[in-house]
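Chemist: Below is a structure I'd like to ask you about.
The values are calculated or read from the model by the stated rules, or taken from the named source; none is laboratory data. What you are looking at is a predicted structure, and each value in this text was computed from that prediction instead of being measured. Every residue, glycine among them, receives a Cβ derived from its backbone with ideal geometry; neighbour counts consider all protein chains shown. Accessible surface areas use protein heavy atoms only, side chains included; no ligands, DNA or RNA. Shrake-Rupley method; radii C 1.70, N 1.55, O 1.52, S 1.80 Å.
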Amino acid sequence: MKTTKKIMVSGIQPTHKLTLGNYLGALKNWVKLQEEYQCYFFAVDLHAITTRQDPKELGNNTLFALATYLASGIDLNHATIFVQSHVRQHTELAWVLNCFTYMGELGRMTQYKDKSSRAGETIPVGLFTYPALMASDILLYQADLVPVGADQKQHLELTRDIAIRINNLYGPLFQVPEPYIPKIGARIMDLQNPEDKMSKSSSNEMGAIYLNDSPKEIEKKFKKAVTDSGSEITYSPDKPGIKNLIDIQSAITGKTPEELVLSYQGKMYGHLKIDTANLVTEELKPLQEKTQTYLKDKAELQNILRKGAEKAAEKAETTLRKVYSAVGFVPY
Ligand code: TRP
């Protein structure tokens, strides 16, 4: 298939219901960028099982994630959306990449170090090789651009290193991708622990706003959000709780943090919390309604995902065949 557009690839782990962090940090940017690129967006269920998942929840969360992609405005004219495990080529290429990735490289990954230290004595091998699977997700589609949160930058650098290594050995098999780390929204932090990213797997439920939270839950979580000592509303790294609330407002309204700080002169933390809760509620309302509409028609959603997987597999297979041939596998 001929295309003049550059290729953009990204995925989200359906380990939980998606959060406000996923929406502001990832989805909103995908929607903004989608017209300029040929896009592949997926829910990475293969990555999700690197930590234990409840099978039923995993399935529900996967469909919820993809319905949310559509509800956010991902347009099927620009983007192919699918479930990672529906496209076999992801695991097939991952195996090959595993053979060109070094133990030392994987051992240096911050996310692995964090997650494995929490996993105790039984660390799944998949948690260790996770970045090779992510590299496969990206390199299969010859991605030019990969929008990710700041915490994924190291994985993307590794992906580039693996691509360059294999290209040097076998010729130009892979496009070497560039990361795209959005300035605003890239790091929406945990409301209870604003030094940590707001994450789907946050240990404290109060720390994350889930995209299906009710207005009441949203209000409660923002009211209880950890703020900092003092009372003046300023935007600075030594006030991570306040900074986070301003960042959330900024990502929603498009106003700069400086403008927002000015508008809060003489006001108190409580005002900022309530306003942020209201803004988030308003922002999520139409999204929640649309997501439910997509989820109600399961047959149609499955249909979209099947077509997406077929289209993705076509592109992925082209890359996989080139790689198999380059390493010397007999053609099939
Ligand atoms: N590892 C990413 C995360 O946890 C998710 C991911 C998997 C991804 N494969 C990807 C992101 C490919 C971008 C491209 O956020």
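Chemist: Name the residue, out of 163, 150, that is modelled with pLDDT of 95 or more and aliphatic (A, V, I, L, M). Full working, then the answer.
Modeler: Numbers: 150 fails: modelled with pLDDT of 95 or more.
After applying the criteria, what remains is 163.
Chemist: Oh, and also: Within the range 198-205, is there a residue that is open to solvent by less than 70 Å² (accessible area, probe 1.4 Å) and among the hydroxyl-bearing types (Ser, Thr, Tyr)? I'd like the intermediate steps shown before the answer.
Modeler: Just the residues of the range 198-205 that are open to solvent by less than 70 Å² (accessible area, probe 1.4 Å), to begin with: 198-200, 202, 204.
Filter once more, keeping what is among the hydroxyl-bearing types (Ser, Thr, Tyr): 199, 202.
Yes: the range 198-205 contains one or more residues that are open to solvent by less than 70 Å² (accessible area, probe 1.4 Å) and among the hydroxyl-bearing types (Ser, Thr, Tyr).
Chemist: If you take just the helices (runs of 4 or more DSSP H) that sit entirely in the range 51-160, which of them hold at least 3 residues that are under 28 Å from residue 314 (Cα atoms) and open to solvent by 20 Å² or more (accessible area, probe 1.4 Å)? Break it down stepwise before answering.
Modeler: Details: elements: 55-72, 89-98, 103-107, 110-119, 125-139.
Once the helices (runs of 4 or more DSSP H) in the range 51-160 are filtered for at least 3 residues that are under 28 Å from residue 314 (Cα atoms) and open to solvent by 20 Å² or more (accessible area, probe 1.4 Å), what remains is 55-72, 89-98, 125-139.
Chemist: On to the next question. Could you please give the count of residues in the range 1-47 that are among the β-branched types (Val, Ile, Thr), open to solvent by less than 20 Å² (accessible area, probe 1.4 Å) and near the ligand (Cβ under 9 Å from one of its atoms)?
Modeler: Step one: filter the range 1-47 for residues among the β-branched types (Val, Ile, Thr), giving 3-4, 7, 9, 12, 15, 19, 31, 44.
If we keep only those that are open to solvent by less than 20 Å² (accessible area, probe 1.4 Å) as well, we get 7, 9, 12, 19, 44.
Now drop any that are not near the ligand (Cβ under 9 Å from one of its atoms), which leaves 9, 12, 44.
Qualifying residue count, the range 1-47: 3.
Chemist: Could you give me the residue pairs with C-beta distances under 7 Å whose first residue belongs to the range 100-117 and is closer than 13 Å to residue 161 by Cα, whose second residue is open to solvent by less than 30 Å² (accessible area, probe 1.4 Å) and in a helix (DSSP H, G or I) wherever it lies, and which are 6+ apart or on separate chains?
Modeler: 100/162; 100/166; 101/132; 101/162; 105/158; 106/131
Chemist: State all residues of the range 161-183 that are open to solvent by less than 80 Å² (accessible area, probe 1.4 Å), more than 15 Å from the ligand (Cβ to nearest atom) and touching a residue at least 60 places away in the same chain (Cβ under 8 Å); if no residue qualifies, say none.
Modeler: Listed by number, the residues that qualify are 165, 166, 171, 173.
Chemist: For the range 255-269, give me each residue that is without any contact (Cβ under 8 Å) to a residue 40 or more places away in the chain and either assigned to a helix (DSSP H, G or I) or open to solvent by 60 Å² or more (accessible area, probe 1.4 Å) (or both). Step through it out loud before you land on a result.
Modeler: Of the residues in the range 255-269, the ones without any contact (Cβ under 8 Å) to a residue 40 or more places away in the chain are 255-268.
If the condition is that a residue be without any contact (Cβ under 8 Å) to a residue 40 or more places away in the chain and either assigned to a helix (DSSP H, G or I) or open to solvent by 60 Å² or more (accessible area, probe 1.4 Å) (or both), then 255, 257, 258, 259, 260, 261, 262, 263, 265, 266, 267, 268 are the ones that fit.
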